[in-house]
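Working notes, beginning with the structure itself.
Every number in this text was worked out from the coordinates using simple rules, so none of it is lab data. Remember, it's a predicted structure, so these values are computed and weren't measured experimentally. Reconstructed Cβ throughout: ideal geometry from the backbone, glycine too, with neighbour counts over all protein chains shown.
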Amino acid sequence: MVTKVFKITGNQKFDSEIIKQAAAILEKGGLVAFPTETVYGLGADALNISAVKKIYKAKQRPSSNPLICHVDSLEMAKKLAVRVPVVFNSLAAKFMPGPLTLLMEKSKAVPTIITAGASKVSVRIPNHKVALALIKALGRAIVAPSANISGRTSPTSAEHVLEDLDGRIDAIIDAGSTTVGVESTVLDITKVPAVIFRPGGVTKEQLEKVIGKVKLYKKTDTEITPSPGMSLKHYSSKSELILVKPDKKSLEAQVSKIKAAVGIMLPRGWDIKLPENSVVYNVGIWGNWKQVASKLFAGLRYLDSQNVNFIICPMPEDRGLGSALRDRLTRASYKDEK
Ligand code: TXA
Ligand code: MG
């Protein structure tokens, strides 16, 4: 299969023609990757079961891992749920459209393949005009996981998507790099207090300002995971990722220990001694988590492309967006116990 690349130009007439063509591909049961504010998604018509099956195949994603429904309005979101919890409206008023995905009891209209057999559906309104225009043109929900091969780093540009999925999907709409750079926060609002399954673009602190206490889901050994994408190993780079204490001295000490080719996720302005076989990626101003988030996945992919054996990254603080970054980095560095 040849993957068609549609480039958004900024010319309204031309771009709306692109959206029409991309929606027609979805209508026919094809797969179209598209940008959201977080990462690129791999879209299919949510009501077309054979199209949804193609997503799992293209991504090599286990069928036990459910998909997020992307909608363009609160009305469309509410139709997917059998009951809308009271906190929905206040969260929606504050964070939708935006990087927040809400779990609710699903209505009959939602095919169980999307929820991987579970009773809850996940819904979000992406804050990106291309994504919204595509949903509007199709006229119903688009399911979309991140547009990467399962287990790999999420794509924040069209190039990243093509790296993983060229030839495996019908089309991609290229609108440049995404802005947030880390995936949406997945929040189960059927529980009181609500439970964060995946920290992401909307922080725990922001949520608590609107709905009070929120819990962070922690996997226990005995429990069957209610959000299968939250398994420990995920978001991997190809090179082995080593996390270090976030100070210049610790970073320099770790770098000097490694004799093989090493990639360094280097905060701006940290002048450390660099060995000869090192490659550096500037992750932005340390502490400006918004900026670091927008560069994190691109940095991991870039250093991977430089064929380094190891990537070293300082660990962000457990606060605000920093918590989501710690989550992704911890999963990416997780080693299976043999
Ligand atoms: O920012 C995002 O959320 C991006 C963009 C494209 O919207 N999408 C994304 O999708 O990251 P995905 O499939 O890569 O990650 C969704 C996560 C997975 O960990 C999945 O297990 C969880 O959300 N999830 C989705 N639906 C669920 C459900 N019904 N119940 C429990 N967990 C769910
Ligand atoms: Mg993903």
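Observations
- A cut-off of 5 Å between modelled amide H atoms, ignoring neighbours fewer than 5 places along the same chain, links residue 7 with 174.
- Under a Gaussian network description of the chain, with springs only between Cα atoms under 10 Å, the residue in 57, 295, 106 that fluctuates furthest is 57.
- Spatially close lysines, pair count over the range 240-332: Cα under 13 Å, gap of eight or more or interchain: 4
- Here's the picture: charge each Lys and Arg Cβ at +1 and each Asp and Glu Cβ at -1 in the chain, and of 89, 29, 312 the one pushed furthest to the positive end of that dipole is 89.
- C-alpha center-to-center spacing [the range 50-80, the range 140-188] in angstrom: 13
- Amide H contacts under 5 Å for residue 264: 279, 280, 281, 312, restricted to partners 5 or more places along the chain or on a different chain, H placed in the peptide plane at 1.01 Å from N.
- ³J(HN,Hα) computed for each position of the range 32-42 - Karplus, 6.51 cos²θ - 1.76 cosθ + 1.60, integer Hz, glycine/proline x: 10, 7, 8, x, 10, 6, 8, 9, 6, x, 9
- A Cβ-based charge dipole, computed about the Cα centre of the range 234-309 with Lys and Arg at +1 and Asp and Glu at -1, lands at about 140 debye.
- For the chain, the dipole from Cβ point charges (+1 on Lys and Arg, -1 on Asp and Glu) about the Cα centre works out to 600 debye, to the nearest 20.
- Using the average count of surrounding beta-carbon atoms within 10 Å as a protection proxy, the listed peptides 270-277, 195-202 rank, highest first, as 195-202, 270-277.
- Interchain or long-range residues, amide H under 5 Å from residue 120's placed H: 106
- Given charges at Cβ of Lys, Arg, Asp, Glu: the range 4-216 dipole, positive-most of 158, 185, 112: 112
- Positive-end extreme of charge dipole, the range 240-332 - chosen from 302, 264, 332 (charges on Cβ): 332
- The range 2-64 - charge dipole about Cα centre, Lys and Arg +1 at Cβ, Asp and Glu -1, debye rounded to 20: 300
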